[in-house]
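Structure record follows, encoded as structure tokens.
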Amino acid sequence: MIKVSIDELSDTLIKELNTFSREVSEGLDKAKTKIAREGAAELRNTSPKRKKNGGEYAKGWTTVKQGTAAVICNQTKPSLTHLLEKGHANRNGGRTPGKEHIYPVEQSAIEKYEKEVERVIRG
């Protein structure tokens, strides 16, 4: 417990709030980086793989820092993400069904981040 005089109350309160804010900010930065890395690793395991190219699409999942955000993206074949997730038309008029592999990882990452935010704020 901190004992302060009434004259020092505002300065002490500001100092403690700044410390709390810095700790929460650092904790959230670590959490989002960790969860993004875990998500990229999970996508590398669950993404569709073709034997022809050795799973190049699946190996391309990585995390990138954009401003203050940690973003999961596919660096080797970024244009395939929507086509493989949602399906696409073929040259011969047929249709290839989608294989949902990004959405489950996204939902899992959101849940993990929400839990981590609560844990960091509570201390």
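Rule-based calculations on the coordinates, nothing more; no lab input. Given the structure is predicted, the values throughout are model-derived calculations rather than measurements. Quick reminder, even Gly has a Cβ in these numbers, built from the backbone with ideal geometry, and neighbours come from all protein chains shown.
Observations, loosely collected:
- With the convex hull of the Cα atoms taken as the outline of the chain, the averaged projected area works out to 10.2 nm².
- ³J(HN,Hα), Karplus 6.51/-1.76/1.60, whole Hz, each residue of segment 100-111, x for Gly, Pro: 5, 10, 8, 4, x, 5, 4, 5, 4, 5, 4, 4
- Rounded to the nearest 20, the Cβ-based charge dipole of the chain about its Cα centre (Lys and Arg +1, Asp and Glu -1) stands at 1260 debye.
- Label-to-label distance, Thr68 versus Glu16, with points set 7 angstrom from Cα along the beta-carbon direction: 2.4 nm.
- Extension gain, Asn90-Thr46: 0.36 nm per intervening residue step, less the Cα-Cα distance, totals 13.5 nm.
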